[in-house]
Amino acid sequence: MAEATTSTEEPEFDIDPEKAAFFEGVEEIAHAIAQEGHTHGDFMNVQPEELEAAYAQGCMFLNQRQWSKAEEMFKLGAYLDHYDERFWLGLGLARQQNKQYMSAVNAYAVFVNLTPENPIASFRAAECLIAANKPVEAEQALHAALAFCEDTPEHAQIQARAEALLASLS
């Protein structure tokens with residue numbers, strides 16, 4: 001039986017300098033996105049008008065009930081500018097309509113993180129959780145939506161819908 005040998009030396013690899021430079025660039029981009037507030041679109045020279053066009057196209061697909069096409073446009077927008085909450089809400093709506101309930105909840109969760117004072121995503125997430133047969137989680141989402149509705153007349157309609165939905169769970 002052969003004895004296993006251990007070595008403390010680092011293995012040597014032949015690294016292609018072009019690939020090494022590429023990965024250093026990727027590392028810099030990842031740092032800029034994670035730590036400095038940049039977006040993928042910043043590194044792709046995406047103009048604000050192009051993001052607006054992607055958003056408008058996604059909304060058009062939603063209005064035409066082309067859920068998969070809407071999802072693709074909103075997913076693209078969220079990739080290019082992950083700070084633009086509109087893309088996350090649109091992505092959630094498209095996925096919800098496509099009955100991809102838990103994926104919709106994930107998109108709504110990002111929206112809530114970006115815009116915590118807006119109750120719509122918590123309410124929509126609750127609808128998805130009910131459809132996914134997760135009533136306990138739905139109740140929690142409805143309570144979150146109601147907390148965001150407190151003392152805000154502009155959210156009265158969402159508050160009434162959330163209260164009705166919550167009552168139906170009891």
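Below are the figures for this structure:
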| read-out | value |
| --- | --- |
| Ranking of SER122, SER168, SER103, SER68 by count of other Cβ atoms within 10 Å, fewest first | SER168, SER68, SER103, SER122 |
| Residues PHE61, PHE74, PHE123 arranged by fewest to most Cβ contacts within 10 Å | PHE61, PHE123, PHE74 |
| Between the stretch 133-164 and the stretch 35-66, the alpha-carbon center distance in angstrom | 29 |
| Cα long-axis angle, helix 67-80 against the chain (0 to 90 degrees, to the nearest 10) | 50 |
| Rounded tilt (10° steps) of 101-114 against the dominant C-alpha axis of the chain | 90 |
| Positive-end residue of ALA164, ASN113, GLN35, charge dipole of the stretch 19-170 with Cβ unit charges | ALA164 |
| Nearest-ten-degree value, helix 120-131 long axis tilted from longest Cα axis of the chain | 90 |
| Additional length obtainable on full extension of the chain from GLU36 to SER170, 0.36 nm per residue less Cα span | 43.7 nm |
| Ascending count of other beta-carbon atoms within 10 Å, so fewest first, for ARG124, ARG86 | ARG86, ARG124 |
| Gyration tensor over alpha-carbon atoms, the chain, equivalent ellipsoid semi-axes in Å | 41, 24, 16 |
| Pairwise label distance in nanometres, GLN64 with ALA131, each label 7 Å out on the Cα-Cβ vector | 2.1 |
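Only the coordinates and a few stated rules stand behind these numbers; no lab work does. Small disclaimer: the values here were computed from a predicted structure and weren't measured. Note: ideal-geometry Cβ built from the backbone for every residue, glycine included; neighbour counts use all protein chains shown.
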